[in-house]
Amino acid sequence: MSHLHENAEVSDFQRRVYEATMEIPRGRVTTYKWLGLSIGCHSPRAIGQALRRCPFDSIPCHRVIATGPRVGGFAGADAGPDITHKTQLLEAEGLRFEDGLIQDKSRLFTFGLE
């Protein structure tokens, strides 16, 4: 947790989510479920809420997608320009989506849990 601002007003749970999110390599994605399992949380919704409230620009929240694996939400939105932006960020990292689904499932990062 040393690279997150210690004085930021985030809960211990949020810090764990953000630290785990930083482990996702560029060009890879994980799901809310896998991210949750990596920190011992069984609620993908709680993971999504923590990411939605992330105050750190350095956390690659765009690398967390929905089960399917599909793009999912971003910045609290399920559609519109925020999702377009998320897709563009992921495409810039080499990922490809068709009809909202990731085309290369080998890009899924499971934190070594699978």
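Values in this text are rule-based calculations from the coordinates and carry no lab data. Every value quoted in this text rests on a predicted model; they were computed, and no experiment measured them. So basically every Cβ, Gly included, is an ideal-geometry build from the backbone, and we count neighbours across all protein chains shown.
Of all trypsin sites (Lys or Arg not before Pro) in segment 1-104, which ones are in loop regions per DSSP and have a Cβ with at most 15 other Cβ atoms within 10 Å?
Listed in order of number, the matching sites are Arg26, Arg53, Arg96.
Would you mind ranking Val29, Val10, Val64 so that the residue whose beta carbon has the fewest other beta carbons within 10 Å leads the list?
Val10, Val29, Val64
Go ahead and estimate [θ] at 222 nm for the chain from helices alone: -39,500 (n - 2.57) per DSSP H run with n ≥ 4, summed, over the residue count, rounded to 500.
It comes out at -10000 deg cm²/dmol, rounded to the nearest 500.
Can you run phi through the Karplus equation (6.51, -1.76, 1.60; θ = phi - 60°) for segment 80-86 and list ³J(HN,Hα) in whole Hz, with x for Gly and Pro?
Here the 3J(HN,Hα) series is x, x, 5, 6, 4, 4, 4 Hz.
Cα extents of segment 12-104 along the three principal axes, largest first, in whole Å?
Principal extents (largest minus smallest coordinate, Cα): 35, 23, 21 Å.
Considering only DSSP beta bridges where both residues belong to the chain, give the percentage that are antiparallel (nearest 5).
Antiparallel: roughly 60 percent of the beta bridges in the chain.
Quote the relative contact order of segment 12-104 in percent (integer), defining contacts as alpha-carbon pairs under 8 Å separated by 6+ residues. Walk me through the numbers on the way to the answer.
Numbers: 112 pairs, mean separation 25.1, N = 93.
For segment 12-104, the relative contact order is 27 percent.
Could you go through segment 62-75 in sequence order and give the Karplus-derived ³J(HN,Hα) for each residue, using 6.51 cos²θ - 1.76 cosθ + 1.60 with θ = phi - 60°, rounded to whole Hz, and x for Gly and Pro?
Running phi through 6.51 cos²θ - 1.76 cosθ + 1.60 with θ = phi - 60° gives 5, 7, 9, 10, 7, 4, x, x, 10, 4, x, x, 6, 6 Hz.
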